[in-house]
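Working notes, beginning with the structure itself.
Nothing in this text is a laboratory measurement; each read-out follows from the coordinates by a stated rule. This is a predicted model, so every value here is computed, not measured. Note: ideal-geometry Cβ built from the backbone for every residue, glycine included; neighbour counts use all protein chains shown.
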Amino acid sequence: MKTLVFFGSAREKGHTKAMVDLFLENLEGDKEIIDAYRTEVAPCKDCRYCWHKKGCSIKDYMQDIYIKIEEADNIVLASPMYFHSISGELKSLIDRLQVYWAGHVRKDMPEHFIKKGAILMVGGAPSFENQFLGGELVFKNLLNDLSTELLGEVCLPNTDVDSLETRQDIAEKVIQLAKKMNEANK
């Protein structure tokens with residue numbers, strides 16, 4: 001089992017990374033993290049090359065990421081909320097996954113889910129209604145375009161005060177989601 005994590009936090013040792021680390025500690029198989037802040041990927045230029053051919057006209061590290069996606073059994077998306085959505089660096093990288101959405105135009109999308117997915121999100125503010133909605137919309141639609149079945153999501157609010165140490169209930173949800181992914185891949 002191969003798992004590819006898209007990590008969108010500027011802080012290498014923050015709450016989002018703690019969630020990812022806990023998740024991966026409880027996940028079986030090979031794991032790799034694509035760190036949006038430390039990966040050289042140009043933004044999408046909407047040239048629509050991918051509307052006609054499964055690929056991208058920009059030749060950079062994203063070409064390697066496409067291969068990693070194709071080889072992965074699981075896709076995990078992790079980001080803090082920055083102004084009610086995922087981080088800009090991760091969004092820029094996700095925009096380069098337009099090649100998968102363009103499968104609708106090319107008419108070569110798989111007819112069913114071929115991967116398993118999970119979402120991990122962190123918010124600094126105290127919990128409020130729809131706090132993670134912006135991130136959910138981006139992540140859920142991305143997983144759908146990657147033909148990935150969402151197994152679950154875990155959100156950690158109020159990280160200006162709380163952490164996984166103070167919110168053992170959230171830590172347990174992260175562990176249970178990893179175990180669910182293990183079972184789904186057997």
Requested in this report: Would you mind checking 13/107; 13/173; 107/173 for any pair whose Cα atoms are more than 30 angstrom apart?
Outcome: 13/107; 107/173
Report summary line: The residues 119, 34, 58, sorted from fewest to most surrounding Cβ atoms within 10 Å, come out as 58, 34, 119
Report task. Would you look at the GNM of the chain, springs on alpha carbons closer than 10 Å, and say which of 63, 168, 176 moves the most? Result -> 168
Query raised in the report: What Kirkwood hydrodynamic radius, in Å, does the range 2-184 give when the mean of 1/r is taken over all pairs of distinct Cα atoms and then inverted?
Result: 16.7 Å
Report task. Note down the magnitude of the dipole of the chain about its Cα centre, charges +1 on Lys and Arg C-beta and -1 on Asp and Glu C-beta and zero elsewhere, to the nearest 20 debye. Result -> 600 debye
Query - Cα centroid of the range 1-76 to Cα centroid of the range 100-157, whole Å - result: 14 Å
Query - Cα-projected label distance for residue 106 with residue 133, points at 7 Å along beta-carbon direction, nm - result: 3.4 nm
Query - Whichever aspartates and glutamates have a C-alpha closer than 17 Å to that of residue 179, once near sequence neighbours (fewer than 8 apart) are set aside - result: 21, 25, 28, 30, 73, 149, 153, 169
